[in-house]
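S.K.: I have a structure I would like to understand better, so I am pasting it below and will then ask my questions one at a time.
Every read-out reported here was derived from the displayed coordinates using simple, explicitly stated rules and does not represent laboratory data. Just so it is clear, the structure is predicted and the values come from calculations on it, not from any experiment. Note: ideal-geometry Cβ built from the backbone for every residue, glycine included; neighbour counts use all protein chains shown.
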Amino acid sequence: MTEPPLVVITDCDLPGDEAMTELLGRAGLRVRRADCRSAGDVIEAARYATALVVQWAPVTAPVLAELKGLRFVSRLGIGHDMINVPSATQRGIAVANTPDYCVEEVAAHTIAMVLALARRLPVLDRAVRAGRWSVTGDAPGALRPSRATVGVVGFGRIGSRTAAHAAALGFRVVVHDPGVGNAGIRAAGYEPGGLAAVLAAADILTLHVPLTARTRHLLDAETIARMRPGAMVVNTCRGGLIDETALAEALESGHLAGAALDVFETEPLPAACLLRGAPNVLLTPHAAWYSPDALEELPRRAAQQVADFLAGRPVPAIVNPAYARKARP
């Protein structure tokens, strides 16, 4: 008698994630839970797996080479930079993320950060706590939305919703996303621009692109220098999009007036990170995604697409549709 396919949950630190195991079990699948921290851990736990559910564990090219029976990887989250998608594609392995579970939350968190910077809330909060009571002295550059520009880099689900929030508040919105193209951005009602143009125009720049080799350190010393003096940066996407040393230097020099960050190159944020002590920086602990609703939906959706894929049902969130050209029959 043939055993049911094995699904390995490589790692998951979400409370209430038992729903994944229950859903996969009801689908007639075997489930193994692991606590993988390294590529070696993944290979050991998942050598005979047909599918993986992955939160942060590294699914590298060497890992994929060892998992001979693997057909599907479901990512617990939107970003999938911990998975070598090109290698998976070459091996006929489908990779899917969970793109819809927290769009409202992240866009709301982003626009809250935009407003906090525009109105200089981090600086004013610290000033009052320190015993000062000055408006013009501590927040001389507070912005009027109708006279300020929000630059949105990346116009997917979250970027487009953030743009809509900003426009509704009266900000001018300029957008860069070569994947959508200028015509698509104009059709949505926004002003398109190349990256250099958006960097130069934005009073507040917000990032909404995947972390890839091409986008790593999208904001570095060179690109930050192209931003207008006194501009500010919001990042609720991936920490690796920003060179944090270059950002700290730009804040220290005064070239940038502030930053609001929910994601970092190293998480949790190291005690020695220069951004911790900056008075004009708002920091949150990779929390933009969170609400009780999102927490409930994420594991359920990640598990459901495993069950759907192995049952031959469509999985719209597959990020590498070209896998099918290499897939084993």
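S.K.: Report the percentage of all Cα-Cα pairs in the range 191-287 whose separation exceeds 16 Å, rounded to a whole percent.
M.R.: Values: 2381 of 4656 pairs.
Value for the range 191-287 (Cα pairs over 16 Å): 51 percent.
S.K.: Additional query: Grab the eigenvalues of the alpha-carbon gyration tensor for the range 50-156, scale each by 5, take roots, and send me the semi-axes largest first in whole angstrom. Don't skip to the end; give the middle numbers.
M.R.: Details: eigenvalues 419, 45, 25 Å².
Each semi-axis is the square root of five times an eigenvalue, giving 46, 15, 11 Å.
S.K.: Another question about this same structure. List the residues of the range 94-124 whose backbone N lies under 18 Å from a point placed 7 Å from the Cα of GLU296 along the Cα-to-Cβ direction.
M.R.: 100-106
S.K.: Same structure again: Between exposed trypsin sites (Lys or Arg not before Pro) in the chain, where DSSP calls loop and at most 16 other Cβ atoms lie within 10 Å, what's the longest gap?
M.R.: Values: sites that count: ARG37, ARG47, LYS68, ARG119, ARG132, ARG214, ARG216, LYS326.
That would be 217-325.
S.K.: Can I ask one more? Under 12 Å from the Cβ of PRO270, count the other residues' Cβ atoms, weight Lys and Arg +1, Asp and Glu -1, and hand me the total.
M.R.: -2
S.K.: Give me the extension gain from ARG228 to ARG313: residue separation times 0.36 nm, minus the current Cα-Cα distance, reported in nm with one decimal. Mind showing how you got there, number by number?
M.R.: Values: separation 85, 0.36 × 85 = 30.60 nm, distance 4.93 nm.
Length gained between ARG228 and ARG313: 25.7 nm.
S.K.: Would you mind calculating the gained length between ARG325 and GLU3 on full extension (0.36 nm times residue separation, minus the Cα-Cα distance), in nm to one decimal? List each step's numbers first, then the result.
M.R.: Details: separation 322, 0.36 × 322 = 115.92 nm, distance 2.69 nm.
Here the answer is 113.2 nm.
S.K.: Please list, in chain and number order, the residues 5+ apart from VAL73 or on another chain whose amide H is under 5 Å from its amide H, with Hs placed from the backbone.
M.R.: Hits under the 5 Å cutoff: LEU52, ALA94, VAL95, ALA96.
S.K.: Also: I need two numbers for the range 26-105: Rg to one decimal and Dmax as a whole number, Cα atoms only, in Å.
M.R.: 12.5, 38
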